[in-house]
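Right, one structure below, let's go through it.
No lab work stands behind these numbers, since they all come straight from the coordinates. Here the structure is a predicted model, which means the values were calculated and not measured. Don't worry about glycine lacking a Cβ; one is built from the backbone with ideal geometry, like all the others, and counts go over all protein chains shown.
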Amino acid sequence: MPGPQLPAGLFRALRLKAVPTVAMTRHLYRFFPQLENRTITVPAGSVAEVLRAMDEIAPGFSDYILDERGALRRHVNVSINDAQVIDRKTLADRVPEDGTLFIFQALSGG
């Protein structure tokens, strides 16, 4: 016996409600413990807009990721899904509604 029928537009409506997520290396949780053990969702937009939204969730987050000119710090790597962010200075790359912004703090030294 078939189950109940769902309205035809239901799945389309659910897809429209997709929002980007932000994921990061565990090291950053030491400085921003309020971000640990939660799914971080933000409005779609440029990387700069996503980082501003992160500042609302965890004040000071962008100061840790960006230099004094607003560009990504040298030892910070950011990707959108599986593509490295190209614009490290103005952060204009777009994070789509169904995308994930990954933030990696690169380790240096020997």
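Of note:
- The residue of segment 57-76 that is farthest from M24 (Cα to Cα), among those that are part of a loop (DSSP other than H, G, I, E, B) and not basic (K, R), is E68.
One line per residue, one yes/no per condition, for (1) in contact with a strand residue (DSSP E or B) (Cβ under 6 Å, 6 or more places away or on another chain); (2) assigned to a helix (DSSP H, G or I):
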| position | (1), (2) |
| --- | --- |
| Y29 | no, yes |
| Q34 | no, yes |
| P43 | no, no |
| V50 | yes, yes |
| M54 | no, yes |
| S79 | yes, no |
| D87 | no, no |
| T90 | no, no |
| L101 | yes, no |
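Quick grid of which residues meet (1) of a type in the set (G, A, S); (2) within 16 Å of G45 (Cβ to Cβ); (3) in contact (Cβ under 8 Å) with a residue 12 or more places away in the chain:
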position	(1), (2), (3)
R69	no, no, yes
L72	no, no, yes
H75	no, no, yes
A83	yes, no, no
D87	no, yes, yes
R94	no, yes, yes
E97	no, yes, yes
L101	no, yes, yes
